[in-house]
Structures are given as C-alpha cells and as structure tokens.
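**Q** First the structure, which I've put down as structure tokens, then a few questions once you've had a look.
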Amino acid sequence: MKKISCRILPLLTAFSFPAMLYAQQQPAKPPAAVIAGIPVNYEEEKVGTYTLPDPLVQLNGKKVTTASDWTKNRRPEVLHLFETQQYGRVPGKPADMHFDVFDKGTLVWDGKAIRKQVTIYFTKDTIHKVDLLLYLPAHATRPSPVLVNASFNVNNNAVDDPGIKPGMAWSKEGQRIPAPAGRLPKINVTQFINAGFGFATLCYTDIEPDMPNGIHYGIRSTYLKNGDTSFAADEWGAISAWSWGLSRVMDYLETDKAIDAKRVALTGASRLGKTVLWTGARDTRFAMIIGSVSGEGGAALSRRNYGETVAHLTAPTRYPYQFAANYAQYGTDVNKLPMDGHLLISLIAPRPLLLQTGSTDYWSDPKGEWLAALAAKPVFALFGKEGPSTDTWPAAEDTSQLLHPLGYFMHDGPHGVLATDWPRFIAFMEKYL
C-alpha cells in the first residue's frame with residue numbers, strides 16, 4: 001500500500017459522524033457542485049453510457065449456468081477482485097482472541113429482555129478490543145436469531161439503558177478518552193425483542209479509529225512491522241479492518257448458547273453500509289445483510305457518473321485510508337474497474353440482502369443501488385431466489401420491492417436510517433431469518 005499520510009483531518013468518531021445520518025428532521029440541503037476539487041453530477045442526462053461486467057461470465061470467458069458453477073468458479077474470482085482492487089486482503093482469526101462476558105445476563109425493561117455485555121479482546125493485551133452490547137428475548141424457548149448493528153455510536157449512546165458500560169472514543173493523538181454524549185437518536189431495541197429477535201450493537205471505532213492515521217492505533221497496527229505503512233497495494237484499508245472486527249463478533253456469537261448463530265443478520269449505514277456488504281461477501285456465516293445507504297464503494301454502480309465517485313472517495317483529503325491503495329487508480333477511469341457494485345451484491349447470494357436508501361440522498365445515488373440490484377438478479381436466480389420484480393425504480397416509501405430475497409426500499413428522506421426504517425428491517429427479518 002502507498003505510504004499513508006499522517007496529516008490529521010477532523011476526527012470522525014462515533015459521536016462526530018456527519019449529522020445527516022438519522023437527521024430526518026433536517027431539510028435536505030442543495031447538493032454540493034464540487035467536492036475535494038472534483039465536480040459532482042446530479043443530472044441523469046449526464047450520467048453517460050457504460051457497460052457492466054457480466055456477473056455470469058468468468059474472467060476466462062466461460063459462461064456460468066448453475067449455482068454450483070458460480071460457487072466454485074465465478075464467486076472466488078469476484079471475491080478476489082474486491083480483495084485486491086478495492087477493500088484489501090483481510091487476515092484470519094487471531095490466535096490470542098478471548099472474551100470477557102462481564103455482564104452475564106441482566107433482566108431489563110420490565111423483564112422483557114436479557115442484557116449481556118462482552119468485551120472481545122483481539123490480542124493478549126487489553127488495548128485492541130471491541131465492546132459488544134447484546135439484548136435477547138427473556139422468554140425465548142430456543143436460541144434466538146440476532147441482528148448485529150455496526151454503529152457510529154458507542155454502546156451507552158446507542159441504547160437507552162443506564163446499565164450500559166460507558167464507551168470510549170479516540171483523540172486526534174490516538175489516545176482513548178471517554179466518549180461525550182451522542183448526537184444520534186437512540187435505538188428502540190424493544191421492537192426487536194417483541195418480534196422475537198435479539199439485538200446487538202458495537203461501535204466501529206473500537207476496532208480502529210476512523211481517521212487517516214488510524215492504522216497506527218487500531219487493529220491494523222498489530223500487523224505492521226516496525227510501524228511501516230508502506231506495504232503492498234492490496235493490503236487492507238480501514239473498511240476491511242472494521243469488517244475483520246465484525247467477523248470477530250461472529251466468533252463470539254458462535255460460543256453463546258442463547259444465540260442461534262445460523263440466524264445472525266448484520267446491518268450498518270453509509271461507510272458501515274459498505275462495511276457490512278463487504279463482511280457479508282467475505283464471511284458467509286452471516287445469514288442476512290441489511291446494507292443502508294452504502295452508496296459509492298458499496299452497492300451503487302461506480303460506472304454511473306452520479307453523486308460521489310471513486311475519485312471523490314480516494315481523493316487525498318477524503319477517505320483513501322478506508323480502501324486498498326489499488327482502488328485509487330480507478331478514479332480517473334472507472335470503466336477499467338474489473339468489478340462494480342452489482343458484483344458486490346452478487347457475492348451475498350443466495351443469502352437474503354436488503355438495500356435501504358433515501359430519496360434525497362443524491363450523493364449516495366439511490367437509483368444506482370437499484371440498478372445494481374437489477375444487474376445482480378441473474379446470480380440470485382441461479383439459486384432460485386427472487387430479485388426485483390420490475391425494472392421501474394420504485395418511488396419513496398414504495399414497499400413492493402422490500403420483501404424479495406434481494407430486496408430494495410427507499411425511504412422518503414435523507415442519508416441514513418430513519419426510525420421508520422427499523423420496522424421495515426424487522427419485516428424483512430421475519431420473512432427470511
């Protein structure tokens with residue numbers, strides 16, 4: 001990977017992430033015409049023409065005709081493309097990982113739920129870890145399915161429960177400090193409990209801070225040799241680091257007898273929407289993925305010149321640290337990308353996948369995510385799974401495409417997850433999980 005600059009940008013932590021997330025009360029602002037010195041297009045007539053890589057044609061030109069052929073031949077090569085050209089290669093399970101279940105089961109909310117809190121230590125030391133907050137239905141008669149939420153909030157800011165361990169944030173200097181009060185709405189967990197689902201949440205910056213020099217402080221620092229960050233161009237960026245941490249959460253869930261580890265769903269929004277899609281692609285233990293407003297670098301089509309582009313993502317003043325260094329080379333010519341958002345979606349098949357977008361989230365290109373879902377349909381069809389039932393982009397709040405195994409829903413509003421989206425997620429989980 002190219003040497004990472006240590007220039008400090010404004011810290012993006014769980015408590016300072018852009019307020020547009022979950023900000024349904026705020027009016028939509030006119031989209032910016034230029035970002036990082038790069039023009040932004042919001043006009044359909046200026047999108048241009050493009051040709052997508054065929055998901056059912058291997059790199060050697062052979063046609064994929066069966067689910068077995070996809071799984072054995074095409075899927076591995078697509079996964080390899082995303083590993084080497086976009087997100088970076090992810091290490092395996094660490095040998096020294098261990099768990100501390102320090103809250104083994106506390107009844108909360110008038111006895112409706114059992115709260116557990118777990119610290120997942122990635123290494124022998126106590127520095128590299130993630131705190132997992134977990135709620136399970138108190139009266140379940142069998143192991144519970146669970147939705148895991150990759151969150152911008154530390155746990156005590158994510159859920160209204162005074163018994164939650166206070167979370168920590170990162171300073172610009174790479175020090176752990178108490179997290180200030182959160183600015184995002186807290187999640188109503190009882191709606192999941194009432195539906196028979198467990199709910200787990202964790203703060204992504206526990207795994208690695210979200211800043212250009214975060215590699216020096218987060219989990220990737222333990223894989224560096226003498227602090228050297230000039231390693232290969234296909235090494236993991238921050239998104240792969242966060243994804244790696246989500247796999248370690250699954251490692252814990254597989255040990256908890258109160259959880260049905262075969263029925264674990266995973267959700268996240270924006271850069272965490274990208275993260276959960278990539279996690280679902282590379283870690284098939286997750287039974288369902290709900291990717292919210294993942295946009296460019298996620299489910300949206302990069303070849304569409306609309307909203308954010310690869311060039312915007314990888315501009316030096318923005319988020320190159322989140323990706324493998326190889327990704328930046330495609331900013332000047334996205335048609336050279338050997339893959340695109342529809343192939344990332346395809347890697348989830350045949351497991352259920354819901355894409356949630358917002359009608360005024362022009363930057364993330366909600367139509368681009370819809371077109372990617374259409375382009376991924378043939379892969380889901382190999383497994384007998386249904387994708388969108390129409391070629392017409394559904395309007396905001398139209399639920400007609402929500403409950404397909406490859407589902408799509410666009411709320412009426414901005415970037416993020418609205419309070420009204422969670423019941424949609426529950427409906428999707430009730431049908432397929």
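**Q** I need the phi-derived Karplus couplings for region 208-218: 6.51 cos²θ - 1.76 cosθ + 1.60, θ = phi - 60°, integer Hz, Gly and Pro marked x.
**A** 7, x, 8, 7, x, 9, x, 4, 6, 10, x
**Q** Going by C-beta contacts inside 10 Å, put Ser400, Ser221 in order with the fewest on the left.
**A** Result, fewest neighbours first: Ser400, Ser221.
**Q** Which residue, Pro405, Pro137, Pro394, tops the fluctuation ranking in a GNM of the chain built on C-alpha contacts under 10 Å?
**A** For the chain, modelled as a Gaussian network with Cα springs under 10 Å, the answer is Pro394.
**Q** Can you run phi through the Karplus equation (6.51, -1.76, 1.60; θ = phi - 60°) for region 43-56 and list ³J(HN,Hα) in whole Hz, with x for Gly and Pro?
**A** Per residue, the Karplus-derived 3J(HN,Hα) values read 10, 4, 5, 9, 5, x, 9, 7, 10, 8, x, 6, x, 9 Hz.
**Q** Continuing with the same structure: If you work out Cα extents along the principal axes in Å from the coordinates, which of (1) 56, 49, 47; (2) 62, 53, 50; (3) 81, 54, 53 do you get?
**A** (1)
**Q** Test of understanding: ordering Glu369, Glu45, Glu77, Glu308 by Cβ neighbours within 10 Å, fewest first, what list do you get?
**A** Listing Glu369, Glu45, Glu77, Glu308 from fewest to most nearby Cβ atoms yields Glu45, Glu77, Glu308, Glu369.
**Q** Can you tell me the dipole magnitude for region 55-432 around its Cα centre, using point charges on the Cβ only (Lys, Arg +1; Asp, Glu -1), in Debye to the nearest 20?
**A** 740
**Q** Considering only Pro76, Thr255, Ser364, whose Cα is most displaced toward the positive end of the charge dipole of the chain, charges sitting on Cβ of Lys, Arg (+1) and Asp, Glu (-1)?
**A** Of the candidates, Thr255 comes out farthest on the positive side.
**Q** Also, I was wondering about something else. In whole Hz and in residue order, list the ³J(HN,Hα) couplings for region 93-98 that follow from phi through the Karplus curve 6.51 cos²θ - 1.76 cosθ + 1.60, θ = phi - 60°; x for Gly and Pro.
**A** Along region 93-98, the couplings run 5, x, 5, 9, 5, 8 Hz.
**Q** Order these by the 10 Å Cβ neighbour count, fewest first: Val146, Val90, Val310.
**A** Lowest to highest Cβ neighbour count: Val90, Val310, Val146.
**Q** Here's another thing I want to ask about it. If we sort 276-288, 48-60, 110-122 on the protection proxy, mean other Cβ atoms within 10 Å, highest first, what's the order?
**A** Result, highest mean first: 276-288, 110-122, 48-60.
**Q** Is there a quick way to get the dipole size of region 239-315? I mean about its Cα centre, with the Cβ of Lys and Arg at +1 and of Asp and Glu at -1; what is the value in debye to the nearest 20?
**A** 140
**Q** Still on this structure, I have one more. With runs of 4+ DSSP H residues as the only contributors, calculate the mean residue ellipticity of the chain at 222 nm using -39,500 (n - 2.57) per run, divided by the residue total and rounded to the nearest 500.
**A** The helix-only estimate for the chain comes to -5500 deg cm²/dmol at 222 nm.
**Q** Rounded to the nearest Å, what's the spacing between the alpha carbon centres of region 95-121 and region 295-373? Just the number, please.
**A** 36
**Q** Roughly what % antiparallel, to the nearest 5, for the DSSP beta bridges in the chain?
**A** Roughly 50 percent of the beta bridges in the chain run antiparallel, per DSSP.
No lab work stands behind these numbers, since they all come straight from the coordinates. Everything quoted here is computed from the prediction, not taken from an experiment. As a convention, Cβ positions derive from the backbone with ideal geometry for all residues, glycine included, and neighbour counts pool all protein chains shown.
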